1. Evaluate region B:199-219: report whether one residue or more is open to solvent by 10 Å² or more (accessible area, probe 1.4 Å), assigned to a loop (DSSP other than H, G, I, E, B), away from chain A (no Cβ under 14 Å) and aromatic (Phe, Trp, Tyr).
2. Just one of B:Ile497, B:Ile443 is within 22 Å of B:Ser400 (Cα to Cα), open to solvent by less than 40 Å² (accessible area, probe 1.4 Å) and β-branched (Val, Ile, Thr); which is it?
3. Would you check which residues across region B:148-168 are assigned to a helix (DSSP H, G or I) and more than 23 Å from the chain's Cα centre (by Cα) and list them?
4. Need the failing condition index for B:Asn354 against (1) of a type outside the set (A, V, I, L, M); (2) within 27 Å of the chain's Cα centre (by Cα); (3) at pLDDT 90 or above, just the number.
5. Determine, yes or no, whether B:Lys435 is under 23 Å from B:Leu583 (Cβ atoms) and among the charged types (D, E, K, R).
6. Out of region B:613-667, which residues are in a loop (DSSP other than H, G, I, E, B) and more than 24 Å from the chain's Cα centre (by Cα)?
7. From the list B:Gly23, B:Gly62, which one is over 25 Å from the mean Cα position of the chain (by Cα), at pLDDT 90 or above and more than 14 Å from every other protein chain (Cβ to nearest Cβ)?
8. Go through (1) closer than 17 Å to B:Leu444 by Cβ; (2) assigned to a loop (DSSP other than H, G, I, E, B) and name the single condition B:Ser280 misses.
Amino acid sequence: MDISKVTNEKKLQLCRTYFIAGLAFLPFLWTINVFWFFNDAFRAPAFPEQKRIKKFVISSLIGALIWSVILITWIIIFQTKRAEWGEMADRMSFIIPLGIA
Amino acid sequence: MDLRIIFLLILQVIGFNILLVAGQSQRIKDGMYASISGASCFRRLNGTHQTGCSSSQFGSVGALHLIQVVEDFEFLLRNPPAPPYAPMIPPHLFTRQNMLRLKNEARQNITVVLLINDNEKMTQFSHELTCPNQYSGLLLPNSKETATCDTQNAENAWNPWGTGLLQEDFPFPIYYIADEEEVYKLKSCFQKFNNFDYSGHATRSLCAVEVTTFMSAAVNSEVCIRRSNFINNLARTRYCDPLEGSNVYATMYPRNLSSSITEEPLEIRSDPNEKFILISCRMDTASMFDGLGLGAMDSLTGYVTLMSIANTLKQYLPQNFSELTRKLNILFVVFNGESYDYIGSQRFVYDLENLDFPLPSTLTAPISFENIELMIDIGVLDEISAINVHTVNTSAKAESFAAELNAQSQNFDIKFELKVGTNIPPTSAQSFLRKNLSFPALILNSKPHNRYYHSIYDNAANLNFTYGNHTEQNYTKLMSTEEALQYFSADSVQMKIRNVSTSVALALSQMLFSKGPLAKVYASPVLVDELLHCFLQSADCRLFKDASPVNSLPGLPFPPSRYISVAGSPQDSSGWTYRVLGLLLSTEVADSGEEKCGPLPLQWITGQKGAGECRLTTQNYTHALSPAFLIDDYDWKSGQYSTWTESTWGGLKARMFLRPSRVHEIVTLSIGIVVLIISFCLVYIISSRSEVLFEGATTSSDALTAPTAC
């Protein structure tokens, strides 16, 4: 979909849908939302729906950032402690590496 | 010039090159690499550790470095110029001290170790522990220390030359190259490219090997079995398999078949009046390298002795059980996996306790501990003329049997000496004694002399065996000493094994039948000769052929593998053991054609005449899988049962090639990156100036009609 050819009203609706959908533990959806509507929210000339779009974009951005902090922390902890945790870590994994603890 | 002509010219050149390469029909890969054939060390795991070797996932590469004297190791340990290296080590330098130094001090500099077959200076080569099966035999009370072997003092141990390297974990692959030509290929490549100007190693191409023997399993058996069994193991990866095979057993006299199959399961119990003498040995051996290791002295002598006893006793004892003066049947059991903490005998004992032996499908009553009157276990017979009869507790039975053995062996140049005490050799009897210390077990074992215990060099030469090849002789026929000496010299291994088995058979015959043979005929050295030939030289031999069904495929022209291995492996040795015991202990049924010969226990086999004969057999298999894998929630660290598993792997291969210097590699990569960047720039320039370059050409988008909606 070419976002530049959509009416402002439709843009707001889309941005809102993406934000709400992202609440279902889908931080990547928020990230996409940020990239997609960043220009409309901050760089395009003012239009009536811009304020609300800006609000959704900022919320998505904050959400995505919090999520990435959580994910990065978890990944670091899991990768460094996996061998130590033994059976519990194996049960958490879908793919267990070959040849190492 | 026209662009088209240039383009055509380029195409022509490419085409011509392809033709040239196709003419030589050599792939670039084959031009770069020369494959090296050999055998690899691999990973085994037990309840607490991983042992053996593994390469890195996509192969370990190291520059060749020949070790000729022990000082050559210093080069690898003290900042070599172009690591990593791959030392080529001859067997006499493959010692515990040197290998642990490489493992601990040269981790960064060593990626591969090649063991080359150069046995000139070798005087010993055994990588088993000094106390084999140290943790699974009789233990000191309330301790995990063995009660049967002196771990502190190697000279008093059961394998004084053992280095214990089989139980070490190496961070690099170890690859054994047996073939002389391959060794020559490696050595000459090393001389040509590596063996000069050592300080310049970093700046030139070096001859290197790449060994790929990556092992999937890690940590210990508990972890790898758990991972293999995971429900969320999406890829269905198997990490390791338990060591598993079959024991083979047979009885001297057929046992009573229960009349009906519909007996209530509750009534399954052993018959207290049925008594046995159990004669056992092991069928397996071990070594560090995949597919190699004949175990000639460490286990085959005992195995052949058991077979020879079976054949001799069959002819000494009367045809019918009722004619015996003492009503004792003889149960022969050949255990598998004994090298790995007594897998076969532990399972056998477990089955005895649970009344699971023999299986109900054999329609015979189960056997329990109480049914076994005496166990005679044949251990290692390195020195065949002086044999110790070990027993933990002295008993009248043991003493009388040892005295009988000594009396019978007078004419056979052997001394049997009774040794009482817990200092017993590492054999199957330990599994029985562990359950019941007063179990009546006698172990025939000689003082250790084998310098190649559980190794690739325990072969026919170690046993000093040469095949007599008396094909015209009937090998089951017993013969007098004079006749035997016509075929084999008195100090040959064939005669020595014949002497032991004769003594044992005579003693047993006295015990059960109160009389020896009518004529002075004794065990046949020809049978010993044939058995050793089949197991040490070629499975395509007449004994195996005679023991097989008519028109079955012959054995392969090399010795059968005697490593227990895992489920799904060929299991050659148990198959041949089954057939040979079947041939030696069965009775021919007269007047029975092939079509009338059946069902089991009647079997139609080739026989010595080659035409096929119907035989009433008694032999069968039992499962040799450690009880540890059967018990739910087994405590892997308890040490109660064997926990050995073998890692799975993708392939074991090695190849030799010229490894470019680091500088060369960096230059190649840099050129590649520069070309990539230049090509991006070029494409950008061309596309930004496209109007100038392709003047008058229509753009591709002109061909499309504008979308109506916009």
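The values are calculated or read from the model by the stated rules, or taken from the named source; none is laboratory data. If you're wondering where the values come from, they're calculated on a predicted model, not measured in any experiment. Methodologically, a virtual Cβ is constructed for each residue, glycine included, from the backbone with ideal geometry; neighbour enumeration extends over all protein chains shown. Surface areas here come from the heavy atoms of the whole protein model, side chains and all, with no ligands, DNA or RNA. Shrake-Rupley method; radii C 1.70, N 1.55, O 1.52, S 1.80 Å.
1. Checked against the condition, which is being open to solvent by 10 Å² or more (accessible area, probe 1.4 Å), assigned to a loop (DSSP other than H, G, I, E, B), away from chain A (no Cβ under 14 Å) and aromatic (Phe, Trp, Tyr), region B:199-219 yields no hits at all.
2. Matching residue, one of B:Ile497, B:Ile443: B:Ile443.
3. B:Ala154, B:Glu155, B:Asn156
4. Of the numbered conditions (1) of a type outside the set (A, V, I, L, M); (2) within 27 Å of the chain's Cα centre (by Cα); (3) at pLDDT 90 or above, the odd one out for B:Asn354 is (2).
5. Taking the combined requirement at face value, the residue does not satisfy it.
6. Within region B:613-667, B:Thr617, B:Thr618, B:Ile631, B:Asp632, B:Asp633, B:Tyr634, B:Asp635, B:Lys637, B:Ser638, B:Pro660, B:Ser661 meet the criteria.
7. B:Gly62
8. So the condition that B:Ser280 fails would be (2).
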